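Scroll down for the structure; my scribbles are underneath it.
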């Protein structure tokens, strides 16, 4: 392919960012008829779109002070290598996706190295409306543009001089609501009448390590209440081996699957879900699966966050609605007994199930459900910024 075809360097630091990057790459190829090249860092979804990752994603997918510190030296080496590759390849733009701990260091070092004409775009805003509002001003020193997922976010960044565009939340175009539940049950030998619970312990090794034990206890409690209980366990490349080994000894048969299509089919086959907080909780809402959300942080990380976080809920749809429509069992509340009881209620109490599904659907409309594809909006913006940069460079080159 000709060097005149633009080269875009993308960086995702965790599986949720990888999913965003994959959809963005697909939309860019659609908009350009394939006349675009990619380099950077990503995981499974971005690899499917043709990216050869500079760094394995699992080496970057860490969260929290206690988790990052032991890997700090290795992560900084990856930052240095990434900056060096960007300067060697000379892409038309760099798009960093979420994962601020890694991606912001890359952006900062590029600016410090004198790369003032290279367009730097960040995709997914930090939650400055929840904590650490000063991050908006820091971003404005490094980035040329910010693409955000929530309609109320642009003013937080425009106010500090960072151009910002709302593109919509990608969950509304994920296809999470289009799974084949009956086909999934047939393929995996799950009887049509069997109660099925989706188990999603996270995509980072640290969070999975903290949640597998209470999840196992919750499953034991549920299995005693629901004879014939089956589990479906969608997972990602970063933690697949750990999860598959752990669930072998659980109290109910578990089907472990990987890949987006299999995940959504598993959701469609499920009567309820137990999930680590994150993007997957939004996908479950799209699929209409009543869910219990939970999370456990390292005690040190949790202690620090308790002092600075300004919001009452961790599930985005609960934040939008202003109430805990989706049960949240966090830190000390994340026990086998409480998790088991909360999921049991979703399996047995039909009014509670229906109320959660309906409320989540209303909240999803505020994230762009039924509007223009977020990935196409993002792709169009990236291409317009590349075109603007080329127009600025052309007179200088002449």
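The values are calculated or read from the model by the stated rules, or taken from the named source; none is laboratory data. Predicted model only: the values in this text are computed from it and were never measured. Using ideal geometry, Cβ is built from the backbone for each residue, glycine included, and neighbour counts are taken over all protein chains shown.
Odds and ends about this structure:
- Residue 114 fulfils the conditions (1) assigned to a helix (DSSP H, G or I); (2) at pLDDT below 95 except for a single criterion, (1).
- Qualifying residues in the range 49-68 (those that are under 13 Å from residue 237 (Cα atoms) and modelled with pLDDT of 85 or more) - the one nearest to the chain's Cα centre (by Cα): 57
One line per residue, one yes/no per condition, for (1) surrounded by 19 or more Cβ atoms within 10 Å (Cβ to Cβ); (2) part of a strand (DSSP E or B); (3) touching a strand residue (DSSP E or B) at 6+ places or on another chain (Cβ under 6 Å):
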residue	(1), (2), (3)
133	no, no, no
155	no, no, no
171	yes, no, no
183	no, no, no
190	yes, no, yes
208	yes, no, no
214	yes, no, no
219	yes, no, no
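- Residues that are out of contact with any strand residue (DSSP E or B) (no Cβ under 7 Å at 6 or more places or on another chain) and surrounded by fewer than 19 Cβ atoms within 10 Å (Cβ to Cβ), drawn from the range 238-249: 241, 242, 245, 248, 249
- Residue within the range 215-237 that is within 23 Å of the chain's Cα centre (by Cα) and more than 26 Å from residue 334 (Cβ to Cβ) present: no
- Hey, residue 96 buried (at least 22 other Cβ atoms within 10 Å of the Cβ), in a helix (DSSP H, G or I) and either within 20 Å of the chain's Cα centre (by Cα) or at pLDDT 95 or above (or both) or not: no
- Among the residues listed as 232, 257, the single one being part of a strand (DSSP E or B), surrounded by fewer than 23 Cβ atoms within 10 Å (Cβ to Cβ), in contact with a helix residue (DSSP H, G or I) (Cβ under 8 Å, 6 or more places away or on another chain) and free of Cβ contacts under 8 Å to residues at least 60 places away in the same chain: 257
- 3 or more residues closer than 30 Å to residue 180 by Cα and either over 22 Å from the mean Cα position of the chain (by Cα) or at pLDDT 95 or above (or both): qualifying helices (runs of 4 or more DSSP H) within the range 280-398: 336-348, 350-365, 374-397
- Qualifying residue in the range 261-271 (condition: part of a strand (DSSP E or B), in the same structural domain as residue 215 (by TED's automatic domain parsing), in contact (Cβ under 8 Å) with a residue 60 or more places away in the chain and crowded, with 23+ Cβ neighbours inside 10 Å): no
To keep it simple, each residue is scored yes or no on (1) crowded, with 22+ Cβ neighbours inside 10 Å; (2) modelled with pLDDT of 90 or more; (3) part of a loop (DSSP other than H, G, I, E, B).
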{"position": "70", "(1), (2), (3)": "no, no, no"}
{"position": "80", "(1), (2), (3)": "no, yes, no"}
{"position": "84", "(1), (2), (3)": "no, yes, no"}
{"position": "109", "(1), (2), (3)": "no, yes, no"}
{"position": "125", "(1), (2), (3)": "yes, yes, yes"}
{"position": "140", "(1), (2), (3)": "no, yes, no"}
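- The criterion of being at pLDDT 95 or above and surrounded by 21 or more Cβ atoms within 10 Å (Cβ to Cβ) holds for residue 196.
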